[in-house]
Each structure stands twice: as structure tokens, then as C-alpha cells.
Amino acid sequence: MKKVTSKKIGTSFPVSFLLTFMLLIFGPSEIFFANVTEFDFVYGEFAGYMAVFALVLAAAFTLLTAFVPEGVYRVVLSVVFAVSVGGYIQVMFLNKELDLLGLNPEGYKTGLEQSVGNLVIWIAILICVLVLAFWKSDIWKKAVMYLSAFLLLIQAVALVSLIASAKDEAYHYPESGYHLSGEDQYVVSANKNVIVIILDWFSNLYVEPLLTAYPGATDFLHDFTYYSNVDCVYFGTFPSLPHMLTGNAVDMSCTINEWCEKIWNDEKTDKFYEMLSKQNFVANVYTPDTNILCGLNSAELLDGKLTNAVSSSQEIDIFYKLLFKTMAKMSCYRMFPDIVKPYFYANIDEYSKIVEVKENKINHENYDFYQGLLEKGLTADKNSNYYIVQHLMGPHLYTTDETGAYKENSTLEETTKGCMVIVEEYLNRLKELGVYDDATIIVTADHGGAYDSQVIFYMKEPQEKHDTSPVNSAPVSFDEFLPTIAEAVGADYTEYGKSVHDYKEGEVRTRTVWLRDYDPEYPDVPCYTGDKVGSSNVYFGYTYTGDIEDLLDTTEDGPDSIVEMVDSYF
């Protein structure tokens with residue numbers, strides 16, 4: 001009996017440890033090192049704990065299986081081994097353009113044909129192992145033990161390579177550095193305000209389902225003119241947000257880091273922010289990730305332009321339970337078959353909650369910003385005018401309910417309604433301070449969907465009043481954003497370009513929207529972080545002359561131009 005049990009243990013441990021190693025050690029490590037610049041925590045915060053847990057779990061499983069009947073033992077061990085082999089094949093060969101950072105508001109989606117084909121592979125692996133277990137048990141025991149040891153070895157070597165080659169930032173927090181401070185996120189001017197509220201990923205096609213589900217949801221914006229034909233020029237917060245803030249077109253011939261350095265040192269950018277300063281405007285931009293604005297360059301690039309760009313150390317809290325849960329969850333998502341991936345998909349806000357800045361945090365999630373607004377209200381600064389850009393999550397993630405509170409697995413309609421509730425509360429607070437009437441306020445998005453790349457754009461100018469919101473269908477884009485802000489603060493905006501007011505309804509204008517994408521006809525390019533292959537390799541340009549319907553028709557026909565990327569943001 002003891003001999004049989006020891007043989008079972010000798011076979012069972014490498015099989016069980018292979019699975020826990022893949023799920024709790026190698027998987028989280030590979031996810032971390034491939035996306036280290038996107039995380040606010042370091043490797044040591046989770047690696048050791050999860051490694052110990054993986055060993056304990058494998059040991060416990062090994063002991064349990066050692067004392068079960070032979071038939072049950074073979075079935076259980078076959079299933080565990082098949083899952084490990086299937087997971088290895090899934091990661092190495094079957095995952096296609098997998099979103100590991102939770103960027104898709106609709107979660108993981110795949111076609112029925114792909115899901116079924118993927119599942120067939122997994123079932124075939126399981127059947128082969130089970131057949132071998134009961135047909136040739138001696139061969140089966142050796143196969144599962146030695147193959148497990150082999151897969152463990154090659155992944156352990158890969159892990160050592162990842163650890164050895166990782167950048168210093170994977171292991172050490174910066175002692176200090178430039179970042180954007182949220183200290184004055186709920187402060188406005190008692191004098192003149194130009195306020196932009198950016199609701200991430202809010203396509204203008206979302207307005208109809210919003211109003212169908214919640215009639216009158218936008219009635220509070222009656223003083224605003226709704227520009228119904230605005231495109232974002234570039235899909236994605238990067239490069240759309242830095243394009244909006246600097247007015248610089250993307251230079252597709254240089255790297256992302258080179259372009260970011262160039263635009264923040266550009267003469268037009270310098271002139272714009274110097275103009276704001278001369279007119280006694282502070283310029284506060286509230287977005288939590290300076291990589292979107294600066295790439296891997298130091299956020300010192302923003303110093304002298306954005307008032308809330310400061311240099312100091314930041315104390316943080318780590319929520320370890322959420323850290324371990326999220327890394328394990330995403331490891332399962334990466335390794336398991338397509339049909340179950342949606343159950344393990346982690347949205348980007350789950351990552352953002354792992355680390356919390358103790359002081360002067362920027363509230364980016366809709367419900368966090370709303371809670372802060374309800375608790376703090378708004379205060380008015382009598383000393384300066386304010387140019388404010390509030391970048392909120394918007395409907396990029398469906399995690400906001402119709403009241404503006406957090407709700408897991410919310411809907412598009414609920415989330416957009418919640419966004420409107422938050423914006424209305426902000427406007428009401430401006431009215432309470434008596435600064436609403438004199439303010440220029442824009443409610444927009446940094447981008448729409450991949451193909452419906454037109455965005456909401458509500459704009460209220462000083463003293464503008466209406467019973468209902470007028471609609472303006474002039475063909476404008478975010479190329480006009482910076483000049484429009486310059487016009488709003490009272491500067492000569494023409495040196496920055498045309499404003500939204502320079503285009504009229506019915507005017508025919510040719511515009512191009514650029515969509516980052518992957519084309520197998522072009523070579524892969526590196527991610528801008530330099531530690532992985534980029535998920536995109538080209539910009540597709542879609543040129544059109546009408547409205548959103550014309551843009552959608554154009555995207556169905558395929559791109560009018562293709563520009564090869566030098567590197568990719570993701």
C-alpha cells in the first residue's frame with residue numbers, strides 16, 4: 001500500500017504542480033512583465049505569495065489524490081494534465097490578439113465557429129489522455145509525469161529569463177517623479193472657467209439608445225449646442241488625448257516616445273500654454289496615466305504647461321486580496337478555452353483599484369469622481385482663471401449604474417445614463433457657486449468606437465441660454481479642439497487653426513479618421529515599451545465627406561490609406 005501511495009505521489013506532484021505553476025506563477029508573471037508599464041505595483045508584491053500558494057495547493061492536491069481509488073485517480077489526474085496541456089497550447093498557439101488589460105467595454109467576445117473549434121481541441125486532448133490512462137496505464141503514468149516535468153522545465157527557464165531581463169521599474173517604485181496631482185480636482189475659478197468633461201469612448205451613436213431607455217436624459221443640457229457631426233480623428237485615448245491637448249497631428253514616421261517628446265516641446269504647444277498663463281489661466285488636466293500623454297518619457301514634459309504636473313513622491317496603498325485575485329483571474333483568462341474566457345475577463349478598473357494613491361489621487365472612474373463630488377462639492381478660487389480637463393472613464397467600461405454609482409456588469413444604457421447624472425451634478429455645483437453662466441463648458445469624449453469614430457460634443461458658451469438644446473451638424477473634428485479652447489479664453493485662435501465655429505451646417509468637408517489595427521500583410525512592430533510585440537502594426541485611414549452614416553459606409557468598404565506603424569501603444 002505504501003509503495004502504491006508513494007508511486008502515486010511521485011506521479012501526481014509534477015502533474016498538479018504544472019497546473020498551479022502555470023496558473024499562479026508563470027501566467028501572472030508573464031502578464032506582469034509584458035505589461036509592466038501599465039501597472040502601478042511591482043513584481044515582489046505578488047510573486048512570492050502566489051508561488052508559495054501554488055506549492056501548497058499542489059502538495060495538498062497530491063496528498064488527496066494519493067488515497068483515492070485507482071480509477072478515480074486516473075480520471076482526476078488525466079483531467080488536470082489535459083487542462084495543463086490544453087492551456088499551454090492555448091497560450092502558445094490559439095490566443096488571438098488577446099486583450100490582457102481589460103480595455104474592451106464589452107469584455108471578451110468571439111464568434112461561435114472559433115469557440116466551437118477551440119473547444120473541440122480541448123475535448124480531443126482530454127479524450128486522448130483518458131483513453132491512454134485506461135488502455136495503457138503504464139505508458140500513461142510515464143507520459144503525464146515526464147511531460148509535466150518537461151513543460152515545467154521549459155516554462156521555468158522562460159520565467160528566469162523574464163525575471164533576469166525585466167526593467168528596474170518591475171522591481172522598484174520610483175522615489176519621486178513628475179505626475180499629475182488631483183489636489184484641485186474639485187476646484188474651479190470664481191472668475192472665468194473653460195471646462196472640458198471627457199467621457200471616454202462615448203460615441204454619438206450611443207445617444208439614441210440612451211434616450212430610448214431614459215427619455216429626457218440629456219434635457220439638463222438645454223443651454224448647450226449639440227454638435228452632431230464631430231469626429232475624433234484618432235481612435236483610442238492614445239493618441240487622441242495628447243492630440244487634443246497639444247493640437248499636434250500624429251507623426252506616424254517616428255516612435256511613440258519620440259512623438260510625445262516632440263509635441264510637448266512643440267512651438268505651438270508652448271505658445272498655447274504660455275498664452276493661457278499670460279491670461280491668468282491655470283491648466284489642470286485630470287487623467288491618471290501620464291503614459292498616455294508622455295509615453296515612457298518623464299512627465300516632466302508637462303511641467304510649465306499643465307499646472308497640476310508636480311514632482312513629489314506618492315504614498316500608496318496596495319489591496320493585496322484584489323491583487324492576487326485579479327492576477328489569478330487574468331491568468332485563467334489567458335490560459336482557458338475561448339468558451340469560458342468571458343467569466344475570467346477583468347476590466348481595466350479592476351487593475352486600477354489594486355493600488356490607491358493616499359493623497360491627491362485623481363478620480364478617473366465615474367463613480368469615484370461622483371462620490372468625491374458629492375462629498376466635497378466644488379470650491380471657487382478667486383485668484384486665477386481655470387482651464388480644466390476632467391477625463392472620466394465614461395462608457396469605456398460598463399461599471400456605472402443609472403444613478404452614477406458602481407455596478408458590476410452594467411449596460412451601455414445604464415452607464416451612459418449614469419454619466420449624464422454625474423455631469424448634471426457637476427453643472428448644478430457650478431450653478432451653486434454662481435460661475436455656470438460665465439463659463440465655457442464642453443461635454444465630449446476622447447474617442448468613439450473603433451468604427452463609429454464620431455463622438456458626443458455638447459458646448460455651452462458664456463451666457464448661452466436655450467429652452468432645448470439646438471443641434472449643429474457642421475462637419476468638425478478634434479483638429480479644431482485646441483483652437484476652440486483658445487477662442488474660448490479670448491485669444492487670437494487663428495494661429496492654432498480653425499475653431500468649431502468656422503464650419504457651417506451643410507458645408508462639404510473631407511475628413512479622415514485613423515484607426516489603429518493589425519494587418520497580417522505588414523510586419524509586426526514592437527510595443528512602445530520595448531518589452532513585447534505590439535498588438536497593432538498599421539494605421540487604417542478612412543476618408544469621408546458626410547456624417548456618421550457616411551463614415552460607417554466607408555469603413556465597410558475598407559481603408560482608403562494604410563500607414564505602417566513604427567511601434568504600437570498596446
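The values are calculated or read from the model by the stated rules, or taken from the named source; none is laboratory data. Computed from a predicted model, the values in this text were never measured in an experiment. Here the Cβ is made from the backbone with ideal geometry for all residues, glycine too, and neighbour counts use every protein chain on show.
The table that follows gives values for the structure above.
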{"quantity": "Every residue from the range 442-451 that is more than 12 Å from Val196 (Cα to Cα) and either modelled with pLDDT under 95 or more than 22 Å from the chain's Cα centre (by Cα) (or both)", "calculated": "Gly449, Ala450, Tyr451"}
{"quantity": "Among (1) out of contact with any strand residue (DSSP E or B) (no Cβ under 9 Å at 6 or more places or on another chain); (2) closer than 27 Å to Phe46 by Cα; (3) of a type in the set (Asp, Glu), the one test that Glu356 misses", "calculated": "(1)"}
{"quantity": "The lone exception for Tyr88 - which of (1) modelled with pLDDT under 95; (2) in a helix (DSSP H, G or I) it fails", "calculated": "(1)"}
{"quantity": "Of all residues making up the range 387-417, the number that are among the aromatic types (Phe, Trp, Tyr) and in a strand (DSSP E or B)", "calculated": "2"}
{"quantity": "Candidate set: the range 59-76, residues that are farther than 27 Å from Trp135 by Cβ and modelled with pLDDT of 95 or more; chosen: the one surrounded by the fewest Cβ atoms within 10 Å (Cβ to Cβ)", "calculated": "Ala60"}
{"quantity": "Among (1) at pLDDT below 90; (2) surrounded by fewer than 16 Cβ atoms within 10 Å (Cβ to Cβ), the one test that Gly102 misses", "calculated": "(2)"}
{"quantity": "Restricting the range 155-171 to residues that are of a type in the set (A, V, I, L, M, F, W, C), surrounded by 11 or more Cβ atoms within 10 Å (Cβ to Cβ) and out of contact with any helix residue (DSSP H, G or I) (no Cβ under 7 Å at 6 or more places or on another chain), the residue that is nearest to Ala58 (Cα to Cα)", "calculated": "Ala156"}
{"quantity": "Residue match in the range 393-411 (condition: touching a Gly at 6+ places or on another chain (Cβ under 8 Å), under 24 Å from Val435 (Cβ atoms), among the small types (Gly, Ala, Ser) and modelled with pLDDT of 95 or more)", "calculated": "yes"}
{"quantity": "Enumeration of residues in the range 241-258 that are not in a loop (DSSP other than H, G, I, E, B) and either not aliphatic (A, V, I, L, M) or not assigned by TED's automatic domain parsing to the domain that holds Asn297 (or both)", "calculated": "Pro242, His243, Thr246, Asn257, Glu258"}
{"quantity": "Residues being more than 17 Å from Asp446 (Cα to Cα), without any contact (Cβ under 8 Å) to a residue 40 or more places away in the chain and surrounded by 14 or more Cβ atoms within 10 Å (Cβ to Cβ) - total across the range 463-498", "calculated": "3"}
{"quantity": "Which numbered condition Val435 fails, given (1) over 23 Å from Thr246 (Cβ atoms); (2) without any contact (Cβ under 8 Å) to a residue 24 or more places away in the chain; (3) surrounded by 16 or more Cβ atoms within 10 Å (Cβ to Cβ)", "calculated": "(2)"}
{"quantity": "Qualifying residues in the range 124-141 (those that are out of contact with any Phe, Trp or Tyr (no Cβ under 8 Å at 6 or more places or on another chain), of a type in the set (A, V, I, L, M) and surrounded by 13 or more Cβ atoms within 10 Å (Cβ to Cβ)) - the one farthest from Trp201 (Cα to Cα)", "calculated": "Leu130"}
{"quantity": "Pairs where the first residue, in the range 54-69, is touching a residue at least 40 places away in the same chain (Cβ under 8 Å) and the second is among the aliphatic types (A, V, I, L, M) and assigned to a helix (DSSP H, G or I), C-beta under 7 Å, 6+ apart", "calculated": "Thr62/Ile9; Thr65/Val76; Thr65/Leu77; Ala66/Ile9"}
{"quantity": "Complete set of residues in the range 233-273 that are small (Gly, Ala, Ser) and within 15 Å of Trp514 (Cα to Cα)", "calculated": "Gly236, Ser240, Ala249, Ser253"}
